[in-house]
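Student: This structure is in structure tokens; I'll ask about it shortly.
Bear in mind that the values in this text are calculations on the coordinates, not laboratory data. The structure displayed is predicted, hence computed values, not measured ones. Virtual Cβ from ideal backbone geometry, glycine too; neighbours counted across all protein chains shown.
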Protein chains: 2
Amino acid sequence: MGRGKGSLSRYALLVQYDGTLFNGWQLQDKGRTIQDEFEKAIAVISRESVRITASGRTDAGVHALGQVIHFDLKDEIPLKKICLSINGILPKELSVRNAYKVGYDFHSRFSAIQREYIYLIYRYPLRTPFMQNKAMWINHPIEADYIREVTSYLVGQKDFASFCKKISKEYGTERKIESIDVIEHDDLIKIRFRANAFLHNMIRIIVGTTIQMYRENRDPVYIKKILDEKDRTAGGFTAPPCGLYLNKVIYNPSLNFYESAF
Amino acid sequence: MGRGKGSLSRYALLVQYDGTLFNGWQLQDKGRTIQDEFEKAIAVISRESVRITASGRTDAGVHALGQVIHFDLKDEIPLKKICLSINGILPKELSVRNAYKVGYDFHSRFSAIQREYIYLIYRYPLRTPFMQNKAMWINHPIEADYIREVTSYLVGQKDFASFCKKISKEYGTERKIESIDVIEHDDLIKIRFRANAFLHNMIRIIVGTTIQMYRENRDPVYIKKILDEKDRTAGGFTAPPCGLYLNKVIYNPSLNFYESAF
């Protein structure tokens, strides 16, 4: 549990990105990726070749308000300098929001105990420039209360196989949703999901299924039937990535965050 | 006060735009203008050459959440069709939010009795992709209470010459500010101004002056001294256009809005 392994220092960054023009988090053969942009910027300021690890990979077009990454450096760099220098190099779609010195026991993915995502729906008959690629646009009404009731049946420890794109044999399809909150601001509906972890496309399938149920005049409790099927074909469509934001990653409070930039 | 002059029908549109990539409202020799984009789109759907009039011209980089325009057509077009067709043609940075059939006595500029603007400040040591071109970024603290007190001295009928770029001989420099509200959401400060009309760059100079006063440790009441000078050189810098939004135009309730699309 020391501050380094050999001469390495571990850093964690709180980062944000507009995922619109990116081909997702991970290094790919084709297209720009978010991981690549951060690794290039960190390499410039540290003069070291670094590999970063995120709390989780986000799909193409998904945004982050509070993604967490970690990496190790041989040389120590002051935390404010890390933030300011990296932000000076990164394209305008990405930024660092804070930097932390962390113990070598900190791992952005494995130390995370909860993740919080927001899904944004813009609900009005006509599109708006301000929600372009920032929310899912639906041109028909939908009540926040309907979404609130449908999603309330999903809270708790459950098997979410009906809301999963690719099933991982290693981790199965059970997850624990801690809370789902639905907040309305004029034409915007913000749905906040908190869970220990999420399956692939889980939130987007839950949102798509809820909207589809509304369009098909289903009773909110129908979602329980879909959940019980434990089969992806029982669920509805996958809502677009542009409405999804990784909002926050919650870590075990016993972990050491030695120092922060801001 | 009939519905048309000869065979003309008058329409008003509530429109939105992200002003980032535009060279302001009006037709210019250089650069894209917002007026031009709307006129081209309306001409396509009406097959008439139209000239539109806005409630006021916005400068390059300024946004609108609720700009109002009007124009006359020889042929009648259903209001929903106007909205949907124009939105199908307009670039994604512009959109129609609603359409109205109005009397020939309605004029988007001269019938307006009040205008409401919002100025958005993003206050955090580091930039964020989500406020890029959407707010003024200041990397130092500033309290909403300070802004609230400074701007409170500007409410009422006053001579705003110290906060005006170009003085119009025709209309002078007196205006009546009805209200200024300051709302805080985390790192964002939203300042809402309502007045009968505003001078050229008035809000941007008020915001810039307030921030400059804060940086210079001035007492909030110092703004009265600047106001009393009645000279632009007494005021502070002009805050950037990207933080400014035309939010709402208020019309005389006795005017006829015969019918609306939504």
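Student: List the lysines whose alpha-carbon lies under 22 Å from that of A:LYS225, not counting same-chain residues fewer than 8 positions away?
Tutor: Qualifying lysines at Cα under 22 Å: A:LYS158, A:LYS165, A:LYS166, A:LYS176.
Student: Given a Förster distance of 35 Å, report the FRET efficiency between A:ASN133 and B:ASP181 from their Cβ-Cβ distance, rounded to the nearest 0.05. Before the final figure, lay out the partial values.
Tutor: On the way: r = 30 Å, r/R0 = 0.85.
That gives a FRET efficiency of 0.70.
Student: What order do you get for A:228-241, B:237-250 when each peptide is scored by the mean count of other beta carbon atoms within 10 Å, highest first?
Tutor: B:237-250, A:228-241
Student: Here's something else I'd like to know. Between A:ALA144 and A:ILE250, what is the spin-label point distance in nm, taking each point 7 Å from the Cα along the Cα→C-beta axis?
Tutor: 2.2
Student: With +1 on each Lys and Arg Cβ and -1 on each Asp and Glu Cβ, and nothing else charged, work out how big the dipole of region A:9-110 is about its Cα centre, in Debye to the nearest 20. The partial results should precede the final answer.
Tutor: Details: 14 positive and 12 negative charges, 37 e Å.
Here the size comes out at about 180 debye.
Student: What percentages, rounded to whole numbers, describe P(r) for region A:174-262 computed over all alpha carbon pairs with 5 Å bin width beginning at zero?
Tutor: Calculated P(r), rounded to whole percents: 3, 10, 18, 23, 17, 11, 7, 4, 4, 2, 0.
Student: For labels at A:GLN114 and A:LEU21 in the simple 7 Å Cα→Cβ model, what's the distance in nm?
Tutor: A separation of 3.6 nm, rounded to one decimal place.
Student: While we're here: Please report, in Å, the Rg and the Dmax of the protein assembly as shown, where both are computed over Cα atoms only.
Tutor: Over the protein assembly as shown's Cα set, Rg and Dmax evaluate to 26.2, 87 Å.
Student: If you don't mind, another one. Could you give the C-alpha radius of gyration of region A:59-100 expressed as a fraction of 2.2 N^0.38 Å, taking N as the number of residues it contains? Walk me through the intermediate numbers first.
Tutor: Numbers: Rg = 11.7 Å, N = 42, 2.2 N^0.38 = 9.1 Å.
Region A:59-100 yields a ratio of 1.28.
Student: Here's a follow-up. Averaged over B:127-139, how many beta carbons belonging to a partner chain fall within 10 Å of each residue's beta carbon?
Tutor: 4
Student: Between rounded, prolate and oblate, where does region A:186-233 land on the alpha carbon gyration tensor, with a ≥ b ≥ c its root eigenvalues, rounded for a/c under 1.5, else prolate if a/b exceeds b/c?
Tutor: Details: a/c = 1.95, a/b = 1.02, b/c = 1.92.
Cα axes put region A:186-233 in the oblate bin.
Student: Distances longer than 15 Å among the Cα atoms of region B:9-110: what percent of all pairs is that? It would help to have the intermediate numbers written out before the result.
Tutor: On the way: 2981 of 5151 pairs.
Within region B:9-110, distances greater than 15 Å cover 58 percent of Cα pairs.
Student: For chain B, what is the calculated [θ] at 222 nm in deg cm²/dmol (nearest 500), taking -39500 (n - 2.57) for each run of four or more DSSP H residues and dividing by its residue count? Walk me through the numbers before you get to the answer.
Tutor: Details: 5 runs with 55 residues, N = 262.
Value at 222 nm, helices only, nearest 500: -6500 deg cm²/dmol.
Student: In debye, nearest 20: dipole of region A:113-247 around its Cα centre with unit charges on the Cβ of K, R (+) and D, E (-)?
Tutor: Numbers: 21 positive and 17 negative charges, 96 e Å.
Dipole magnitude for region A:113-247 comes out near 460 debye.
Student: May I have the pair-distance distribution P(r) for region B:88-130, computed from all Cα-Cα distances with 5 Å bins from 0 and rounded to whole percent?
Tutor: Spelled out bin by bin, region B:88-130 gives 5, 11, 12, 15, 16, 16, 10, 8, 5, 2, 0 percent.
Student: To check my understanding: the extent here is largest minus smallest coordinate of the Cα atoms along each principal axis. What are those three numbers for chain B, in Å, largest first?
Tutor: Cα spread of chain B along its principal axes, largest to smallest: 61, 39, 35 Å.
Student: Here is a follow-up. How far apart, in nm, are the 7 Å Cα→Cβ label points at A:HIS107 and A:ILE77?
Tutor: Calculated label separation equals 2.4 nm.
Student: Now for a separate question. Enumerate the helices in chain B for which the Kyte-Doolittle hydropathy averages 0.0 or more and the C-alpha atoms extend at least 15 Å along the helix's axis, using complete DSSP H runs.
Tutor: Details: long enough: B:34-46 (18 Å, 0.42); B:79-89 (16 Å, 1.01); B:202-215 (20 Å, 0.74).
Qualifying helices: B:34-46, B:79-89, B:202-215.
Student: How large is the Kirkwood hydrodynamic radius of region B:112-247, in angstrom, based on all distinct alpha carbon pairs?
Tutor: Values: mean 1/r = 0.0669 Å⁻¹.
It is 14.9 Å.
Student: Also, quick follow-up: Binning at 10 Å from 0, report for region B:59-141 what percent of all alpha-carbon pair distances ends up in each bin.
Tutor: 13, 34, 29, 16, 8, 1
Student: While we're on this one: Tell me which aspartates and glutamates have Cα within less than 13 Å of B:LYS224's Cα, excluding those fewer than 8 residues away on the same chain?
Tutor: B:GLU149, B:ASP159
Student: Could you calculate the FRET efficiency of B:LYS92 with B:VAL44 from 1/(1 + (r/R0)^6), where r is the beta carbon distance between them and R0 is 22 Å, rounded to 0.05? Numbers along the way, then the final one.
Tutor: On the way: r = 16 Å, r/R0 = 0.75.
Step by step, r from the Cβ atoms, then E = 0.85.
Student: Here is a follow-up. In debye, nearest 20, what is the charge dipole magnitude of region A:63-126 about its Cα centre with +1 on Lys and Arg Cβ and -1 on Asp and Glu Cβ, if you could check?
Tutor: Values: 9 positive and 6 negative charges, 45 e Å.
Here region A:63-126 has a charge dipole of around 220 debye.
Student: Next up: Across peptide A:91-100, what mean number of C-beta atoms from other chains lies inside 10 Å of a residue's C-beta? If you can, show how the numbers build up before the last one.
Tutor: Values: counts 1, 5, 3, 2, 7, 3, 6, 3, 1, 0.
Per residue, the average neighbour count from other chains is 3.
Student: Now, a different point. Using Cβ contacts closer than 10 Å as the measure, can you line up A:ARG148, B:ARG123 from fewest to most? Could the numbers behind the result be given before it?
Tutor: Values: A:ARG148 17, B:ARG123 20.
Ascending number of Cβ neighbours within 10 Å: A:ARG148, B:ARG123.
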